[in-house]
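Colleague: Quick one: structure below, then a few questions.
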Amino acid sequence: MAAMAARRGSFSDSGSDSEDSSLSDSELQEAFAKGALKPGLNVVLEERPKRRNDADGLRQCLAEFRQKLAWVERLDVTLGPVADPVSQSASASDAVDPENDFQREMSFYRQAQAAVLEALPRLRKLQVPTRRPDDYFAEMAKSDQQMQKIRQKLKSKQEAMERSEKAKQLRAMRKYGKKVQVEVLQRRQKEKKNILNAVKKYQKGLSDKLDFLDEEQMSSQGNKKGNASQRTKKGPNAKRRYKNQKFGFGGKKKGSKWNTKESFNDVSSFQSKVAHNKGPGKGGRGGKGGKKALNKRPGKRARQKMKNRAR
């Protein structure tokens, strides 16, 4: 029974917690104003704690862990910024705007420069080397395998960036080519539509002009002339020009056998026998004679008869 009561009590507590959690903000504010909330759930701060600058405590702590060592062991330099080369005066700390990145970084740089100018002469006086020797060898913080992995990773990133750039360029070129193609198709469709409308008007008798046919022919002729002019302006290719330069131009071949006025009037090479088929080896009129006639091979039927006779 006690266990049952304990369970009931736990269930009632959980139910009350769920009810409390389901309360709205306004109800919580009213309960807080009435003081009905239990202590410990909400902590009311009367005022913000004041910051203290305990200089004496800081000096005491500094005296506790301070060690009296030589300056070469400590190497601490506390100085203000070096003089500005432009204004030839050291700027005060309040003159630097903390929100201005350039002024802030320049103040850090001038302060570090002043520390170097102060520390270097002291180090040279103590005969402490401040320059790295020429044969200085220092072990890398990372192994060669790790650096190789880093190089491979950087190389893979660079290749990925190059591939992405190429893909972007290809997409842009495809987009531009598709745009040009669409414009050409639209222009052709528009021209075709205009021609069809003109033909319909002509068929219906609304117009008696055939200018659209002339325009179409002129456009086709203009395209042909443009292509022909491109072909004529092209000239010989690089291979032909190289061979002409190496072996020389062999002379004009086309039209070499055309008649001219001088060749037409020149009859010195004319031979009447050759012209009238009366040369050597040619027979006379109506006869077959000469060497060619004697060596003429008999026909197939004559050869067959000769074979039959020989049997």
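Colleague: Just a yes or no: is a residue in segment 141-160 touching a helix residue (DSSP H, G or I) at 6+ places or on another chain (Cβ under 9 Å) and either within 29 Å of Trp71 (Cα to Cα) or free of Cβ contacts under 8 Å to residues at least 60 places away in the same chain (or both)?
Modeller: Let us first name the residues in segment 141-160 that are touching a helix residue (DSSP H, G or I) at 6+ places or on another chain (Cβ under 9 Å), namely 142.
So of that shortlist, the ones also either within 29 Å of Trp71 (Cα to Cα) or free of Cβ contacts under 8 Å to residues at least 60 places away in the same chain (or both) come out as 142.
Yes; the residues of segment 141-160 include at least one that is touching a helix residue (DSSP H, G or I) at 6+ places or on another chain (Cβ under 9 Å) and either within 29 Å of Trp71 (Cα to Cα) or free of Cβ contacts under 8 Å to residues at least 60 places away in the same chain (or both).
Colleague: Still on this model: Would you check which residues across segment 180-211 are surrounded by 12 or more Cβ atoms within 10 Å (Cβ to Cβ) and either touching a strand residue (DSSP E or B) at 6+ places or on another chain (Cβ under 6 Å) or charged (D, E, K, R) (or both) and list them?
Modeller: Within segment 180-211, Glu191, Lys201 qualify.
Colleague: Additional query: I'd like the full set of residues that are open to solvent by 100 Å² or more (accessible area, probe 1.4 Å), assigned to a helix (DSSP H, G or I) and closer than 30 Å to Gln127 by Cα, limited to segment 49-79.
Modeller: Phe65, Glu73, Arg74 - these are the residues of segment 49-79 that are open to solvent by 100 Å² or more (accessible area, probe 1.4 Å), assigned to a helix (DSSP H, G or I) and closer than 30 Å to Gln127 by Cα.
Colleague: Follow-up question, since we're still on this one. Considering (1) assigned to a helix (DSSP H, G or I); (2) of a type outside the set (Ser, Thr, Tyr); (3) within 30 Å of Arg66 (Cβ to Cβ), say which one Val128 fails and leave the rest.
Modeller: (1)
Colleague: Now a separate question. If you check Lys292, Lys273, Lys282, which single one turns out to be at pLDDT below 80 and in a loop (DSSP other than H, G, I, E, B)? First the steps, then the outcome.
Modeller: Details: Lys292 fails: in a loop (DSSP other than H, G, I, E, B); Lys273 fails: in a loop (DSSP other than H, G, I, E, B).
Checking each option against the conditions leaves just Lys282.
Colleague: For the condition closer than 30 Å to Arg74 by Cβ and charged (D, E, K, R), what is the one hit in Lys125, Lys153, Lys166, Lys149?
Modeller: Lys125
The values are calculated or read from the model by the stated rules, or taken from the named source; none is laboratory data. Since the structure is predicted, the reported quantities are computational estimates derived from the model, not experimental observations. As a convention, Cβ positions derive from the backbone with ideal geometry for all residues, glycine included, and neighbour counts pool all protein chains shown. Heads up: the accessible areas ignore ligands, DNA and RNA and are worked out on the full protein's heavy atoms, side chains in. Shrake-Rupley method; radii C 1.70, N 1.55, O 1.52, S 1.80 Å.
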